[in-house]
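A quick write-up on the structure given underneath.
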Amino acid sequence: MSNTKTKKKLKVAIVALTSCEGEQFVMFDQGEEFLKLTEFLELSEFKLFEEVEAEPRYFDIAFVEGGPLSKEDLERLKEIRGKSKLLIAIGSCAVLGGIPEMKNYVNKDEKIKYVYQYTKHINNVEVKPLREIVKVDYEIPGCPMDGKEFLRIVKAVRKGVFNKIPERPVCFECQTNNYKCLLLDGKPCLGPITKGGCDAVCLYGGYQCEGCRGPLDNVNLENHQKLLLKNISKRHLSHLLELYGIKDDILENQRKEK
Ligand code: SF4
Ligand code: SF4
């Protein structure tokens, strides 16, 4: 009997907090390649796939997507953290705060009135990346995450290898693929300040990078900002940086550098 068959499989939980569940669909999109992971992973909790009657008391790895946008989400996140040896945040909402973090940049108590008629019992929490609430062992960014990157990382993590996502901008993949630089047409692309690894998929479609994989460490926003402000207003730029919740990360990085 081969080693793979005799070795105990790792118990895995795939958990969605408030989200579009896009990361789980990315997993399904990998088809056979995703199913092959079950040679060494046991999908012990994967509600989108099937209802699990009794949740195990322990997981080797929990993949968590979405954000804790309610009291129940917060409790669930802490519960999963307590039960899991490793917790891996997947997707922009879990890694950066993502689209819901836009509300942190406005008066959330005012804005909630646009959505709900009665707001008294609505949790209107501050949106935060998971790492600001519980210990996160690894992060896979993207909106949604890149399926091939996910498969690669899972296989490495299984062997105890936690490679850092390369610190090179989206421009690297964009130019390697010979796409025309949108900055030349005055379009506000965030590629130079955004962590690559998505194969510049938006640029392939002729669409600018909006920073869903988060900012590069030590990014110099000031230089890029000067360039972008030649073609767009400060307000437009501010909205762009708020889209996936990267504005506060960039400001925090700049604060640390001073
Ligand atoms: S289009 Fe965007 S990602 Fe591509 S090279 Fe230009 S700035 Fe970089
Ligand atoms: S090009 Fe930018 S916005 Fe598009 S997937 Fe890559 S990092 Fe995200």
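The values are calculated or read from the model by the stated rules, or taken from the named source; none is laboratory data. As the structure is a computational prediction, the values presented were derived from the model and not from experiment. All Cβ positions, glycine included, derive from the backbone under ideal geometry; neighbour counts span all protein chains shown. For the accessible areas, the whole protein counts, side chains as well, though only heavy atoms, and no ligand, DNA or RNA atoms are used. Shrake-Rupley method; radii C 1.70, N 1.55, O 1.52, S 1.80 Å.
Taking amide H atoms as placed 1.01 Å from N in the peptide plane, the amide H of L86 lies under 5 Å from those of I61, A62, each 5 or more residues away in sequence or on another chain.
Pair-distance distribution P(r) for segment 177-258, from all Cα-Cα distances in 5 Å bins starting at 0: 3, 15, 26, 27, 19, 8, 2, 0 percent.
In summary, the lysines within cross-link reach of K180, defined as a Cα separation below 23 angstrom excluding same-chain residues under 8 places away, comprise K195, K226, K230. For K128, the lysines whose Cα comes closer than 16 Å to its Cα, not counting residues fewer than 8 places off in the same chain, are K71, K78, K103, K108, K247.
Above 34 Å, the calculated P(r) of the chain contains 23 percent of its Cα-Cα pairs. The slack in the chain from Q117 to I133, taken as 0.36 nm per residue of separation less the alpha-carbon distance, amounts to 2.8 nm. So what's the angle, to the nearest 10 degrees on a 0 to 90 scale, between helix 71-83 and the longest Cα principal axis of the chain? So the helix axis and the longest Cα principal axis differ by about 50 degrees. Other residues within the sphere of radius under 9 Å centred on the Cβ of I88, judged by their own Cβ, net out at -2 (K and R +1, D and E -1). With all protein chains kept in place, the per residue accessible area of the chain amounts to 57 square angstrom at a probe of 1.4 angstrom. For segment 77-127, chymotrypsin sites (Phe, Trp or Tyr not before Pro) meeting the loop criterion (DSSP other than H, G, I, E, B) and having at most 10 other Cβ atoms within 10 Å: Y118.
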